[in-house]
Amino acid sequence: MVGAVTEFSKPSIEYSRLWPLLVVFGFACAGVLVEAFLPRERRYLVQAVLTVVGLVTALVGTVLVARDLGVLGDGAARGIVAAEGTIVVDGPSVFLWALILVFAIGGALLFAERRLEGGVSAFAGQAAALPGTEAERQASTQGLDHTEVYPLMLFAVGGMMLFPASNDLLTMFVALEVLSLPLYLLCGLARRRRLLSQEAALKYFLLGAFSSGFFLYGVALVYGFAGSMQLGEINEAVRNDVGNQALLLVGMGMLAVGLLFKVGAAPFQAWTPDVYQGAPTAVTAFMAACTKVAAFGALLRLFYVAFGSDRWTWQPMFWIIAVLTMAVGAVLAVVQTDVKRMLAYSSVAHTGFLLTGVLGVQSAADLADGQVTSLQAVLFYLATYGFAMIGAFAVVTLVRDGGGEATQFSRWAGIGRRSPLLGGLFAFFLLSMAGIPLTAGFIGKWAVFTVALSAGAWPVVIAAVLFSIVSVFFYVRVIVLMFFVDGEGELAGVVKPSLLTSGTIAVGVAATLVLGVVPGPVLTLAAHAGEFIR
């Protein structure tokens, strides 16, 4: 009708449940203002403190939200759909938020480390300067570094928190881009090995943009099938078997491409070794732990909530990808001669083990009392993996020679005898990744293998056990290299870190040990987180 007035209803934003997420973005914006108005020589301390305070505040807020939802109680957590249906704050969301924030705090401490580079950080003094030019030498001589890395990190953390809490495909895509774009920049800011760092950033950007295109096209196709982007309504459309099934299948596959790229699954893992090797090691540690948590959280929410009713359609795809990912990660890690590349392929193998857990039974109602659900197992594995990975990369930052970090195996020969403490700590992290008993990695693998067996995915479990044995070989090879091989030529030394890196390593060791010996509290916490709400 001409002249009709449409009433406007204000959106309802549940700030009491979303404020940890908003705190991270708020501190990120504050970091941008610091870069704009504070003199360069004063930015480092302000940015580092601002970042850590923001992450700790968000972590405290997450604990408070978890308590209000009942995650810290005896029963299953409640949850709400917030922000006009675009964000879900439930038990799994706050559990993943807590993991991301804990690992991000460790990453921020590694970002702030300056003792290892002689009073400057590991980040370039002037990223726009071409490697080897006079401008780059002047920036290095003056001790400049990019403090923009701190707000970039906070924006990435905000995107990581939003990613697994998204309740519609469009919000999930926005979160994917918000977490990815800062990482593309961070990967290219290494102070040393500038060309390698820039190559890593370019590869990550190109492959990431390509996978984002697949994801967005998948969003369009699934919308065409279901007539909605909200995950619950997509699930209803799938359950009722409406529309064109071809749209659903192709759209589901394209969405899977975007998410499997982000978790580093084969055959989409090509970026992982190059980026892990070329990026500043502090960024590598942050990415290895936090990005995996966020991406697996989003993958679980998408396939359990939106496509849970069509489980028998997408499960065979995950069977194949899980086995392929474990094979690629374990076999190619064997032939590596660089510590960071070896850890990168190890990360790929761990992605395969995590995908094994995704194949398990989703609902506790379908299991006998005391059995672990698929979601519970994957959440626990993400915790064990993150602590071991961020601790291992923190140790890698301490092994150096005259040209900076020494990551070639030949430089690590005998380093366990020259520095028994460092060698012992790194060996402990490697043993956890290998799944040796009395470490967190053993309990994590036991959990995901158990849930996969309960769902009848025994061929995948057999493959996982075989590739776990292969992975033990390349982990033990590094331990033998550190303690039982006499090096020749120029060998690396160990630099004494500040309390920042030391604290990160200490927390990683403590968590890996405690989760291996007393896993019950965290497994119980993951159980209380409940299931994704629809």
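The values are calculated or read from the model by the stated rules, or taken from the named source; none is laboratory data. As the structure is a prediction and not an experimental result, all values here were calculated from the model. With ideal geometry, Cβ positions are generated from the backbone for all residues, glycine too; neighbour counts draw on all protein chains shown.
Scanning region 162-188 for residues that are among the hydrophobic types (A, V, I, L, M, F, W, C) and within 14 Å of Phe286 (Cα to Cα) yields a count of 5. Here region 515-526 is the region considered, the condition is being over 21 Å from the mean Cα position of the chain (by Cα) and either aromatic (Phe, Trp, Tyr) or part of a helix (DSSP H, G or I) (or both), and the residue that is nearest to Leu431 (Cα to Cα) is Val517.
Within region 33-55, being surrounded by fewer than 16 Cβ atoms within 10 Å (Cβ to Cβ) and either in contact with a Phe, Trp or Tyr (Cβ under 9 Å, 6 or more places away or on another chain) or of a type outside the set (Gly, Ala, Ser) (or both) holds for Leu33, Phe37, Leu38, Pro39, Arg40, Glu41, Arg42, Leu45, Val49, Val53. Can Leu491 be described as hydrophobic (A, V, I, L, M, F, W, C) and either at pLDDT below 90 or closer than 15 Å to Ser419 by Cβ (or both)? Spelling it out, Leu491 is indeed hydrophobic (A, V, I, L, M, F, W, C) and either at pLDDT below 90 or closer than 15 Å to Ser419 by Cβ (or both). Given the criteria buried (at least 19 other Cβ atoms within 10 Å of the Cβ), of a type outside the set (Val, Ile, Thr) and outside any strand (DSSP E or B), does Gly530 qualify? Criteria met by Gly530.
How many residues does region 6-38 hold that are closer than 17 Å to Asn167 by Cα and in contact with an Asp or Glu (Cβ under 6 Å, 6 or more places away or on another chain)? Going through region 6-38 one residue at a time, the tally reaches 1. Candidates are the residues of region 248-300 that are polar (S, T, N, Q) and touching an Asp or Glu at 6+ places or on another chain (Cβ under 7 Å); the one that is surrounded by the fewest Cβ atoms within 10 Å (Cβ to Cβ) is Gln277. Would you mention how many residues in region 201-250 are among the charged types (D, E, K, R) and in contact (Cβ under 8 Å) with a residue 24 or more places away in the chain? Residues that pass the stated criteria total 2.
Does at least one position in region 288-303 carry a residue that is within 20 Å of Tyr184 (Cα to Cα), modelled with pLDDT of 90 or more and among the polar types (S, T, N, Q)? Yes. Close Cβ contacts (under 8 Å, 6 or more residues apart or on different chains) running from residues in region 499-518 that are under 15 Å from Met433 (Cα atoms) to residues that are β-branched (Val, Ile, Thr) and not in a helix (DSSP H, G or I) comprise Thr512/Thr439; Leu513/Thr439; Gly516/Thr439. Only residues that are surrounded by 24 or more Cβ atoms within 10 Å (Cβ to Cβ) and under 13 Å from Val52 (Cα atoms) were counted in region 150-166, giving 4. A single entry from Ser197, Ser212 fulfils the requirement of being part of a helix (DSSP H, G or I), modelled with pLDDT under 95 and in contact with a Cys (Cβ under 8 Å, 6 or more places away or on another chain): Ser197. For region 71-97, residues that are part of a loop (DSSP other than H, G, I, E, B) and either at pLDDT 90 or above or within 27 Å of Leu169 (Cα to Cα) (or both) total 10. When every residue of region 72-93 is checked against the conditions, at least one turns out to be small (Gly, Ala, Ser) and at positive phi. Taken over region 14-28, residues that are farther than 15 Å from Val81 by Cα and of a type in the set (Phe, Trp, Tyr) amount to 2. Tell me yes or no: at least one residue of region 134-141 is at pLDDT 65 or above, assigned to a loop (DSSP other than H, G, I, E, B) and not polar (S, T, N, Q). No, region 134-141 contains no residue that is at pLDDT 65 or above, assigned to a loop (DSSP other than H, G, I, E, B) and not polar (S, T, N, Q).
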